[in-house]
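Here is the structure we will look at, set down as structure tokens.
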């Protein structure tokens, strides 16, 4: 697979750090971004909707892909009676159509020596977040620099585990369809129109799409709409009605219902948590 400088785009990168004393607190959620989270005191236990589970000890980190149902249990340090965590939430798209996480089997547990390196980048992001006007050109450039540092470190880590990116060659045939859908999320998208752009009959297109992506074409489009909406919730002050219009939902109530069904909480709560620094 050949990549160029415009093949990979950072869509989101946000750090966080927090302390909690509520031992045993369980957070059930799915999120529209990759998470890497490290307990500096205390530990996690993680259960994923794909059947994987792990205990994340102090100094290690967990790494999860977008849209995976998660059950995250928080355990305070037995001596300090608290849990201190730091994390990065981030997303990249490939060819402006595929989420980076779809190219890899991400390991759930990251060893401490690697987790510390991710943590160092998180600390730099936090310093920037506290000190800069994040909408200035300089700050955006620095955010991108640090975001791609996370990507470079992630690829270095995965390579050390023998995990390499893979795109099924058949997916390349469908990339124009995905790119078209991404550019027209504000419009009504029919399976027949998408199939025509792939030069396939509707039944064959539907079957091939589900084989490659695990979702029906319209389910995948719905996830693309929700992903774009989550980006807008994080990065803009647009109203829910405006976001719904720009992402192809009938109205803000339809948007809110679909968002909550996918992620477990309404978009207003998601936006509020992001603005406060969502604790994992």
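The values are calculated or read from the model by the stated rules, or taken from the named source; none is laboratory data. Being a predicted model, the structure only gives us computed values, none of them experimental. Every residue, glycine among them, receives a Cβ derived from its backbone with ideal geometry; neighbour counts consider all protein chains shown.
Quick rundown of the values:
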quantity	calculated
Entirely in region 176-238, the helices (runs of 4 or more DSSP H) that have 1 or more residues that are at pLDDT below 90	202-213, 217-235
Condition broken by residue 86, with the remaining ones in (1) in contact with a helix residue (DSSP H, G or I) (Cβ under 7 Å, 6 or more places away or on another chain); (2) closer than 13 Å to residue 17 by Cβ; (3) free of Cβ contacts under 8 Å to residues at least 12 places away in the same chain satisfied	(3)
Per-region count, region 155-165, residues in contact with a helix residue (DSSP H, G or I) (Cβ under 6 Å, 6 or more places away or on another chain) and assigned to a loop (DSSP other than H, G, I, E, B)	1
Close pairs from region 31-46: first at positive phi, partner surrounded by fewer than 20 Cβ atoms within 10 Å (Cβ to Cβ), Cβ under 6 Å, at least 6 apart	42/75; 42/77
Only listed residue being out of contact with any strand residue (DSSP E or B) (no Cβ under 8 Å at 6 or more places or on another chain) and surrounded by fewer than 17 Cβ atoms within 10 Å (Cβ to Cβ), chosen from 6, 77	6
Selection status of residue 249, outside any helix (DSSP H, G or I), outside the structural domain of residue 70 (by TED's automatic domain parsing) and in contact with a helix residue (DSSP H, G or I) (Cβ under 8 Å, 6 or more places away or on another chain)	yes
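Quick grid of which residues meet (1) within 22 Å of residue 11 (Cα to Cα); (2) at pLDDT 95 or above:
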site	(1), (2)
58	no, yes
71	no, yes
92	yes, no
118	yes, yes
121	yes, yes
137	yes, no
